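Okay, so here's the structure we're looking at.
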Amino acid sequence: MWPKTFAERLASWSHLRLQAHDLPLDLALTEINSWWFRCPWQPYHLHWDEQADWPDPWQLLSDNMYCDIARGLGIMYTITLLDRKDIQHAQLVHDHRGNNLVLIPDTKYILNWDSSSVVNINPAGEIRQLLDQQHLKQQYT
């Protein structure tokens, strides 16, 4: 169940990050993906053309509106704030099919694809837009 208030969402997200920090990589990514798939979905909240105006992690939790880009952004914020050495090159990508996925290139995991699992494949096709962890850090620092 998704936390109803901002304070509850913030506490739950903090707990998620603490838990995921010490889990093996595949379990950490599965937990993060699963947690963000519980958020209330709303189509077309964020758009790639307005990336400069995307919310920071705390505003994202406060707004409580999650299209697939916003959910991917939340996954990226979570991974980035974990600051784990084994997840240093995550990317939020918009592919040629319109999917907004979180890729972990070094280990070939894909998040924000399925609610119950992370996929261990390399997606085929053209990437139209990309946001990496370095650029993401600039969004909230």
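Rule-based calculations on the coordinates, nothing more; no lab input. This structure is a prediction, so every number in the text was calculated from the model and none was measured. Backbone-built Cβ (ideal geometry, glycine too); neighbour counts: all protein chains shown.
Extent along the principal axes, Cα only, for the stretch 6-140: 39, 32, 28 Å, with the longest axis given first. Evaluated with a Cβ-only charge set (Lys, Arg +1; Asp, Glu -1), the chain carries a dipole of roughly 220 debye about its Cα centre, given to the nearest 20.
The residue among P57, I104, T5 whose Cα reaches farthest toward the positive pole of the charge dipole of the chain, with charges on the beta-carbon of Lys, Arg, Asp and Glu, is T5. Per residue, the chain reaches -13000 deg cm²/dmol at 222 nm when only DSSP H runs of four or more residues are counted, each adding -39500 (n - 2.57).
Each Cα pair under 8 Å and six or more residues apart adds its sequence gap; the mean of these over the residue count of the stretch 1-120 is a relative contact order of 24 percent. A protection proxy built from the mean count of other Cβ atoms within 10 Å ranks the segments 57-68, 73-84, 13-24, most packed first, as 73-84, 57-68, 13-24. Go ahead and collect, in residue order, the members of the stretch 86-114 whose backbone nitrogen is under 19 Å from a label point 7 Å along the Cα-Cβ direction of W48. Counting only backbone N, you get 90-105, 110-114.
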